[in-house]
Amino acid sequence: VSEVDTTSPLFLLLDLTGVFAFALNGALTALQVARLDIVGVVTLGMMTALGGGIIRDVFLDALPPATFSDWRYLAVAAVGGLVAFLFGRHLERWINPILVLDAAGLSLFAVTGALKTVEYAGGPAQAVILGAVTAVGGGTVRDVLIGRIPVVLRNELYAVPALVGALLLVTATKLGAPDAAAAVAGAGLCFLIRMLGVRFGLEAPAPPRSDREA
Amino acid sequence: VSEVDTTSPLFLLLDLTGVFAFALNGALTALQVARLDIVGVVTLGMMTALGGGIIRDVFLDALPPATFSDWRYLAVAAVGGLVAFLFGRHLERWINPILVLDAAGLSLFAVTGALKTVEYAGGPAQAVILGAVTAVGGGTVRDVLIGRIPVVLRNELYAVPALVGALLLVTATKLGAPDAAAAVAGAGLCFLIRMLGVRFGLEAPAPPRSDREA
Amino acid sequence: VSEVDTTSPLFLLLDLTGVFAFALNGALTALQVARLDIVGVVTLGMMTALGGGIIRDVFLDALPPATFSDWRYLAVAAVGGLVAFLFGRHLERWINPILVLDAAGLSLFAVTGALKTVEYAGGPAQAVILGAVTAVGGGTVRDVLIGRIPVVLRNELYAVPALVGALLLVTATKLGAPDAAAAVAGAGLCFLIRMLGVRFGLEAPAPPRSDREA
């Protein structure tokens, strides 16, 4: 489907930016939700940043995970956690940076997860699914570790934009679009849907009422 | 030990039925325990349905997991989650369908986990252990995600029937029993013990009192 | 770096002692924190004992994990869980055995995780990181299963001593120290730092105050 390989500059840029966004997000969550010290804040940041990619690499048998075979992943995740620890109070002045960073990581990992699945000989459907799994993995690890029901299960749009973004990427590359354009379009669409969901509180349908029961 | 391979109709039937039972169970749990919308209900159903098999395949290095290399697993899990979402209120009229479905998934995965371990060159003891791990995996993922102590740790018989069912299967095939008979017997025995435990509140021994201490 | 292979008596001794310490720790935690029966106590003990090593083996693609290909791991973990179940009330008379056992398991797994990473062709930095991941893995699995925020995220020194111990081991073997001496030194230093942290409540730095903000 795609000519992108996981050592290309484009892939690395997208993947490491996603790592950085999730590291900031996880560390800010640690500061906000739990009274964690520097080690706890940086550790939760790193686990959030690296969780999705590790799950992806385990499923693809791309072992050891990129995290442990390429020092840049650990370094970017650690720096992101440290930055959030040091400047967290300043970052909190922004409009809800935690949600924006989470949406950014989600969007970038949906795309890199799908691209890496294609490279490891998966078909288009597998690429879309594993893209979404990669995208929601980090936030799920984060929420399980701090004892929250994972955001992917709660009532905001989360898995759906990841699936849509990965689907757009896979479709666009199938149709011959350049890799960079397809990746930006896929990540952008995912980010847009996710932020609209956050902004307007769009929710997925609730279970049907049972009023019509006899 | 066994001639069953993981592409045989028997294996697929058992494995996909287990997936369906756990998808219903996980989705009904999501409806009952947490106020989840359609995406959350279907997602928890799918994670419950696929968690055990994914753990099994990761341990056996059968990667990517069957879930992502055979579309039927994802389809059956998604349909199970949707059915539970749409008809959940009707299903709740039955006598405790959540527990029955959980016992069914447990029993089927104990058998398929053991069969797949044998195929991937594991010995009989490993087959019994990995059968039980596969069986309890889905429910453990489900409970961790919604913040409950996993059922395998709580006070009902859960791991024991899975071990017994897998042991019966492995022993019977060793003794030359036909695969289908051994599988049905193993799953049936596991289901029977589990449901007796649920019905009569049979509990494993509590820790010894310390009255005899000086 | 090291001549130790994972079938050497030294490696097995260190790894199985770590398994035993974590099995006692996990089972005592189950007795203390939750009202679990024998199956729950032994199961949590086994999951705590084997969790770190399984994560290590999955990341190294050393599959199936040693746990399932070498019966001694399962046996030692099960015996540890049973011993804690039977004699738990006596063990509790010791000075905080749970914390001491946790520190012992942490220290031994930091060393065995690093050694096994070196054997599977990882570089020194990867060995240090995966040593620490192996060390904190069991306690993280334990805490997630019983619904606590993992100790690695809470405010005691936990990840840092594991990193320091693994770093000492890797450095010492690089410099030509005998394997056994390097392993004992690495595990000993990790244990010492961890216990000092527990004893004197040493904490990592808290996030900076924001007093200097305009």
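All of the numbers you see were taken from the coordinates with simple rules; none came from a lab. Note that the structure is a prediction, hence the values are computed from the model and not measured. Note: ideal-geometry Cβ built from the backbone for every residue, glycine included; neighbour counts use all protein chains shown.
Using only the Cα atoms of chain A, build the gyration tensor, take square roots of its eigenvalues as a ≥ b ≥ c, and label the shape rounded, prolate or oblate: rounded if a/c is under 1.5, else prolate if a/b is larger than b/c, else oblate. Write out the running numbers ahead of the final one.
Details: a/c = 1.67, a/b = 1.04, b/c = 1.61.
Because a/c hits 1.5 or more and a/b fails to exceed b/c, chain A counts as oblate.
How high is the relative contact order of chain B? Use alpha-carbon pairs under 8 Å, at least six apart in sequence, and give a whole percent. Before the final figure, lay out the partial values.
Working: 365 pairs, mean separation 48.7, N = 214.
That works out to 23 percent.
Quick one: what Rg and Dmax do you get for the protein assembly as shown from the alpha carbons, in Å?
24.0, 81
Measuring from centroid to centroid over Cα atoms, what is the spacing of region A:164-200 and region B:1-60 in Å?
Their Cα centres are 29 Å away from one another.
From the label point of A:V33, set 7 Å from Cα along Cα→Cβ, how far away are the matching label points in the other copies, in nm, ordered shortest to longest?
For A:V33, the inter-copy label distances come out at 1.7, 1.7 nm.
Only four residue types carry charge here, +1 at the Cβ of Lys and Arg and -1 at the Cβ of Asp and Glu. Report the dipole size of chain A about the Cα centre in Debye, rounded to the nearest 20.
Details: 14 positive and 16 negative charges, 110 e Å.
Using Cβ point charges on Lys, Arg, Asp and Glu, chain A gives about 520 debye.
How many angstrom separate the Cα center of region C:94-129 from the Cα center of region B:113-144?
27 Å
Using 0.36 nm times the number of residues separating C:A181 and C:R199, minus their current alpha carbon distance, what extension gain do you get?
Numbers: separation 18, 0.36 × 18 = 6.48 nm, distance 2.62 nm.
Going from the current span to full extension adds 3.9 nm.
Quick check: from the Cα gyration tensor, does region B:1-98 come out rounded (a/c under 1.5), prolate or oblate? Display every interim value, and only then the final one.
Details: a/c = 2.51, a/b = 1.87, b/c = 1.34.
Judged from the Cα gyration tensor, region B:1-98 comes out prolate (a/c at least 1.5, a/b above b/c).
Using the membrane-span-like helix rule (whole DSSP H runs, Cα extent along the own axis of at least 27 Å, mean Kyte-Doolittle hydropathy at least 0.5), which helices of chain B qualify? Don't skip to the answer; put the middle values down first.
Numbers: long enough: B:9-33 (35 Å, 1.60); B:38-59 (31 Å, 1.59); B:71-91 (28 Å, 1.19); B:97-119 (33 Å, 1.33); B:124-145 (32 Å, 1.10); B:179-200 (31 Å, 1.43).
Counting only whole DSSP H runs, the qualifying helices are B:9-33, B:38-59, B:71-91, B:97-119, B:124-145, B:179-200.
Decide, for region A:72-126, between rounded, prolate and oblate: order the square roots of the alpha carbon gyration tensor eigenvalues as a ≥ b ≥ c, take rounded if a/c falls under 1.5, and otherwise choose prolate if a/b is larger than b/c, else oblate.
Taking the square roots of the gyration eigenvalues as a ≥ b ≥ c, region A:72-126 is oblate.
Averaged over C:40-48, how many beta carbons belonging to a partner chain fall within 10 Å of each residue's beta carbon? Before the final figure, lay out the partial values.
Working: counts 11, 4, 3, 7, 4, 0, 1, 4, 0.
Mean partner shielding for this stretch: 4.
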